[in-house]
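Undergrad: Submitted below is the structure of interest, expressed as structure tokens.
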Amino acid sequence: GGRAMRLRLGVFASACLLVEAVGVALFLRGFFPLPVRSLPRRETHGDPPAEPAPPGRGMVSNWTKIPSPLFKKVVIMLIDGLRDDFVFGSKGKQFMPYTTQVVEKGTSYSFIAEANPPTVTMPRIKALMTGSIPGFIDVIVNLNSPALLDDNLIWQAKTAGKRIIFYGDDTWVKLFPKHFVEYDGTTSFFVSDFTEVDNNVTRHLDRVLKREDWDLLILHYLGLDHIGHMTGPSSPLVGPKLREMDNILKKIHISLLSKEEAASLPNLLVVCGDHGMSETGSHGGSSEGEVHTPLLFISSTFEKRSGPLTQPELVQQTDLASTLAVGLGLPISRNSVGNLILPVVGGKTMREQLRFVHLNGFQLSRLLQENTPAYEKDPGYEHFKIAEKSHGNWIKLYLEGNNSEILLNLGKKVLKQYLEALKTLSSSLSKQVAQYDMYSMMVGTVIIMEVLLLLLLSVPKALSNEAEFEVPLSPPLFSLLFYLMCLMLCAVHVVVCTSAESLCYFCSMSWLAAVGVMMLISGLMCGILSAIAKIFENSRFPLKNPVVSSSSWSEIDVLILAGTIGHVLSLGASSFIEEEHQTWYFLINTLCLVLCQELCRNNFRLKECDPQHNATVKQNFDGIEEASECKNIDIPATGNSKLGKATSSAEFIKGSDKWISLASPWIILVCCRLLRSLNQTGVQWAHRPDFGHWLT
């Protein structure tokens with residue numbers, strides 16, 4: 001055989017830990033993809049693009065400024081936890097008569113907005129205002145929700161001198177500090193408060209609607225979401241709350257209509273939800289009820305609805321930011337991946353409509369350029385360039401004063417081309433955000449699994465007397481295997497990195513680092529194989545002096561193994577994850593009872609000292625005491641007086657220790673019971689009264 005390097009077990013264990021950390025880091029880097037980002041907003045003051053230049057020499061469009069606003073005042077009414085069927089379903093018809101009438105017969109456009117998971121308020125506000133898709137990493141980073149630094153609608157409006165008033169969930173105040181001329185934040189912390197949290201928003205309405213000194217009013221109502229959390233979406237409390245929301249909407253709408261003069265621009269009322277709720281009333285996941293929310297645009301400038309009612313069209317939640325930016329005459333946020341919702345600007349002239357979609361397409365293609373090296377091959381980008389060319393031709397006809405049917409039809413065709421391009425651009429950008437980097441995740445997982453195997457194989461060594469682990473250095477077979485594996489993995493790496501369209505983090509690493517990781521994987525694999533070979537060798541030639549091994553398992557060993565496996569298997573179901581603490585409670589209680597039985601058996605039944613039992617007891621709390629008891633029997637034979645004294649004091653300690661060790665499982669059980677009722681968490685029992693409430 002070859003030489004072998006002997007490692008102390010401590011060194012071996014710490015090496016394993018380090019390698020494990022590398023694997024976990026790689027996995028997490030693949031699981032939390034970096035968001036699609038543009039430059040920070042300080043550098044965003046570029047001029048808006050002009051209209052595409054018409055072909056031919058010397059012809060230039062004279063429209064270079066950003067289009068002027070389409071609406072004078074905009075009110076955004078955001079109802080937390082508003083699910084699409086609360087407005088468009090049977091509940092809407094029953095409890096929201098005014099809204100239903102506006103949707104069916106009024107001057108409005110209704111859509112179902114699809115949110116991206118995680119469906120939690122904070123990332124959803126970001127999506128609505130920036131048009132970008134916050135990743136899961138945002139939830140972790142933003143537990144204390146600091147100010148939003150990305151380019152966003154609120155910041156653009158404030159920069160353009162618009163006066164913004166906000167009432168509602170104070171998350172907005174934290175996200176946009178110093179952006180509102182007037183605000184009043186309500187807290188979402190007291191989930192049991194259904195009424196005050198909304199009255200605190202509504203009490204300002206009469207006063208504000210009479211005034212003329214604002215351009216954008218944002219209201220965020222939390223009551224419905226609280227009802228959902230406490231009692232679920234089908235509880236009798238939902239109806240009256242929807243009716244209250246309906247009356248508020250009616251009040252705002254009538255007030256906005258009465259304010260409009262014939263000469264001035266019309267006003268716009270937007271009603272939306274940030275996320276829906278599941279059948280149990282919670283949210284955060286990606287079920288249909290959680291991601292589908294209503295989105296209504298109500299304004300006197302829209303045409304009255306006529307004809308049979310159709311199912312509302314599905315749009316993305318991120319589309320609101322670019323639509324509102326156009327409506328308010330602001331530049332579209334740099335990181336937005338949304339599309340302009342065309343019907344909202346459908347009343348404008350063809351030239352204006354083309355200008356709007358061109359601005360949107362330009363912004364999306366620029367974002368794509370900044371995030372994708374091979375952006376020119378992207379189908380969305382190609383479509384956009386084609387549409388831009390036809391747009392130029394259209395402008396040429398327009399400037400020549402050609403005002404016929406041809407112009408209108410060509411315009412419609414160009415518009416269609418643009419919308420196709422926008423859709424494709426938007427989806428390829430969204431994919432980049434929501435895409436997991438599978439390759440990095442796989443490499444990380446392989447490393448973690450190998451370390452686990454190695455640790456499992458080294459357990460018998462660790463429990464034997466010689467706490468050393470042999471690392472085979474140069475058996476010829478293994479060195480050959482090592483090089484072969486390295487070569488094979490490097491080949492796989494090259495193939496994956498050259499074929500993958502998406503950007504892998506692992507592919508963007510330097511070659512040295514990547515080869516290092518490949519060598520690590522191969523080395524671990526060889527270690528595992530050599531350990532397995534050793535075990536087979538030892539089983540064929542038994543050792544001359546076999547280590548006494550107690551092959552009989554105690555009940556505690558079986559319980560711990562079964563509990564661990566059961567717990568791991570339970571994490572396959574999301575409802576078990578939500579209620580994971582229940583699994584823990586169950587396992588801890590069972591363990592305590594088994595320990596109690598074991599301690600009773602050790603302390604009362606077995607007074608005579610059989611060595612076989614002594615071996616199994618060593619694993620438990622009082623292996624030490626039991627051993628001292630054994631000494632007690634054969635020590636007096638030595639006749640050593642000093643030892644005799646020592647044992648009598650040991651016996652005295654033994655008495656009090658015995659009772660402490662017997663009482664400890666029961667004390668732990670009592671503490672666990674108190675902890676359980678201190679705070680009811682999870683989803684199912686969260687509404688139960690708990691000890692924590694009583695203390696508060």
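Undergrad: How much area per residue is accessible in region 373-438 when the probe is 1.4 Å and only protein heavy atoms are counted (Å²)?
TA: 59
Undergrad: Also: Compute the signed sum of charges (Lys and Arg +1, Asp and Glu -1) over the other residues within less than 13 Å, Cβ to Cβ, of ILE248.
TA: Charge balance near ILE248 sits at +1.
Undergrad: Sorted by average packing, counted as other Cβ atoms within 10 angstrom per residue and highest first, what order do 349-355, 398-404, 382-388 take?
TA: Those peptides, ordered most packed to least, come out 382-388, 349-355, 398-404.
Undergrad: Let me know the charge dipole size of region 148-306 about its Cα centre in debye, to the nearest 20, where only the beta-carbon of Lys, Arg (+1) and Asp, Glu (-1) is charged.
TA: Magnitude of the dipole: close to 520 debye.
Undergrad: May I pose another question? Any chance you could run the full-extension gain for LEU265 through LEU695? It's 0.36 nm times the residue separation minus the Cα-Cα distance, nm to one decimal.
TA: Gain on extension, LEU265 to LEU695, equals 149.2 nm.
Undergrad: May I pose another question? Roughly how many percent of the accessible protein surface of region 164-295 is carbon and sulfur, given a 1.4 Å probe and a whole-percent answer?
TA: Within region 164-295, the accessible surface is 57 percent carbon and sulfur.
Undergrad: Which entries in the list LYS162/LYS250; LYS241/LYS304; LYS250/LYS413 go over 30 Å, if you measure between the two C-alpha atoms of each?
TA: Beyond 30 Å between Cα atoms: LYS250/LYS413.
Undergrad: Here is a further query. Within 10 Å, count the other beta carbons around each residue, average over each peptide in 70-83, 523-536, 163-176, and list them highest first.
TA: The packing order, highest mean first, is 70-83, 163-176, 523-536.
Undergrad: Return the long-range amide H neighbours of ALA50 (sequence gap of 5 or more, or a different chain), with a cut-off of under 5 Å between placed amide H atoms.
TA: none
Undergrad: Please list 10-23, 568-581 highest first by mean number of surrounding beta-carbon atoms within 10 Å per residue.
TA: Put in order of decreasing packing, that is 10-23, 568-581.
Undergrad: Sticking with this one: May I ask you to compute the full-extension gain from GLU196 to LEU669, defined as 0.36 nm times their residue separation minus their alpha-carbon distance, rounded to one decimal in nm?
TA: Separation in residues times 0.36 nm, less the Cα-Cα distance, equals 166.2 nm.
Undergrad: Sticking with this one: Taking the Cα centre of region 344-386 as origin, work out the dipole magnitude from +1 charges on Lys and Arg Cβ and -1 charges on Asp and Glu Cβ, in debye rounded to 20.
TA: Value, rounded to 20: 220 debye.
Undergrad: Stretched out fully, how many nm does the piece from ALA374 to GLU182 gain, at 0.36 nm a residue minus the Cα gap?
TA: Result: 64.5 nm gained on full extension.
Undergrad: Rg (Å, one decimal) plus Dmax (Å, integer) for the alpha carbons of region 320-439?
TA: Final numbers for Rg and Dmax: 15.2, 57 Å.
Undergrad: A follow-up question, please. Whenever you get a sec, line up PHE691, PHE302 from highest to lowest accessible area (probe 1.4 Å, protein heavy atoms).
TA: PHE691, PHE302
The values are calculated or read from the model by the stated rules, or taken from the named source; none is laboratory data. For clarity, every value in this text was computed on a predicted model and none was experimentally measured. In this analysis, Cβ positions are derived from the backbone assuming ideal geometry, glycine residues included, and neighbour counts consider all displayed protein chains. Note: areas computed on protein heavy atoms with side chains; ligands, DNA, RNA excluded. Shrake-Rupley method; radii C 1.70, N 1.55, O 1.52, S 1.80 Å.
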